[in-house]
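Read-outs throughout are calculated quantities, based only on the coordinates presented, and are distinct from any laboratory measurement. Small disclaimer: the values here were computed from a predicted structure and weren't measured. Virtual Cβ from ideal backbone geometry, glycine too; neighbours counted across all protein chains shown.
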Amino acid sequence: MEYLKQRILKDGVIKEGGILKVDSFLNHQIDVEVLNEIGKEFKKRFSDRKVTKILTVESSGIAIAVIAAQYFNVPVLFAKKTESSNMDKNTYESEVYSYTKAKKYKIRISRNYINKEDKILVIDDFLANGSAALGLINLVEAAGAELSGIGIVIEKSFQDGGKKLRKKGINLHSLAEVEFDNENNILFK
């Protein structure tokens with residue numbers, strides 16, 4: 001997706017540890033025009049799949065999933081990272097490791113909002129080591145639902161998350177696959 005790649009080159013910043021910072025348009029300050037193009041592209045790439053719900057994890061994936069959902073005309077369900085008093089007690093849970101925060105946490109979704117009739121499209125902002133995606137897959141499987149695919153905005157192709165998911169035969173579409181050279185320039189695979 002050329003539009004996204006140009007925006008990454010223009011506004012993306014590489015931080016120590018292989019972290020690509022795109023918070024000026026994707027996950028802190030949000031450029032709705034960029035998200036609209038992303039949503040259209042996900043609809044195009046998954047047009048051959050039945051989707052009844054889009055699933056993401058809080059918080060960076062929510063805006064992307066919501067914009068994409070309008071093109072699929074389906075609701076968005078997001079896995080919560082924190083327990084709260086107003087969360088249903090009857091949940092599906094999975095443990096994930098956050099690469100950027102360097103810690104493990106549980107994600108959970110209410111059993112009231114996902115069931116075996118659902119066809120789930122997982123959407124997230126980044127794919128690095130694959131922990132969040134695998135955690136979301138675990139939730140889908142625990143509910144007996146069907147995984148329609150995974151849509152990722154930016155995949156760090158130098159990390160093994162994409163390889164893990166493709167090896168499992170998962171229908172994975174990453175809109176931009178990035179690498180960095182020795183001078184920390186952004187390269188696209």
Next item on the list: Within the stretch 6-51, report the GluC sites (Glu not before Pro) that DSSP leaves as loop and that have at most 11 other Cβ atoms within 10 Å.
Entry: E16
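For K101, K189, K40, what's the fewest-to-most ordering of other Cβ within 10 Å of each Cβ?
In order of increasing Cβ crowding within 10 Å: K101, K189, K40.
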Note to self: Can you tell me the length gained on complete extension of the stretch S59 to N36, counting 0.36 nm per residue apart and subtracting the Cα distance?
What the structure shows: 6.5 nm
Check: What nm distance separates the two modelled labels at Q70 and E95, each placed 7 Å from Cα along Cα→Cβ?
Finding: 4.0 nm
Next item on the list: Assuming a ≥ b ≥ c are the square roots of the Cα gyration tensor eigenvalues, decide whether the stretch 87-160 counts as rounded (a/c under 1.5), prolate (otherwise, with a/b larger than b/c) or oblate.
Entry: oblate
Item checked: Full-extension gain in nm, K103 to S47, via 0.36 nm per residue minus C-alpha separation -> 16.6 nm
Notebook entry, point to check: How much space per residue, in cubic angstrom, does the convex hull of the C-alpha atoms of the stretch 1-89 take up?
Noted result: 136 Å³
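Can you tell me how much longer the chain between V13 and H28 gets when fully stretched, taken as 0.36 nm per residue apart minus their C-alpha distance, in nm with one decimal?
Taking V13 through H28 to full extension adds about 4.0 nm, to one decimal.
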Margin query: Can you compute the charge dipole magnitude of the chain about its Cα centre, using +1 on each Lys and Arg Cβ and -1 on each Asp and Glu Cβ, nothing else charged? Give it in debye, rounded to the nearest 20.
Written below: 540 debye
Checklist line | Length-normalised contact order of the chain in % [C-alpha pairs under 8 Å, at least 6 apart] | finding: 18 percent
Checklist line | Residue exposure sequence - S59, S24 - by fewest surrounding Cβ within 10 Å | finding: S59, S24
Next item on the list: Determine, for each peptide in 65-76, 175-186, the mean count of other beta carbons within 10 angstrom over its residues, then list the peptides with the highest first.
Entry: 65-76, 175-186
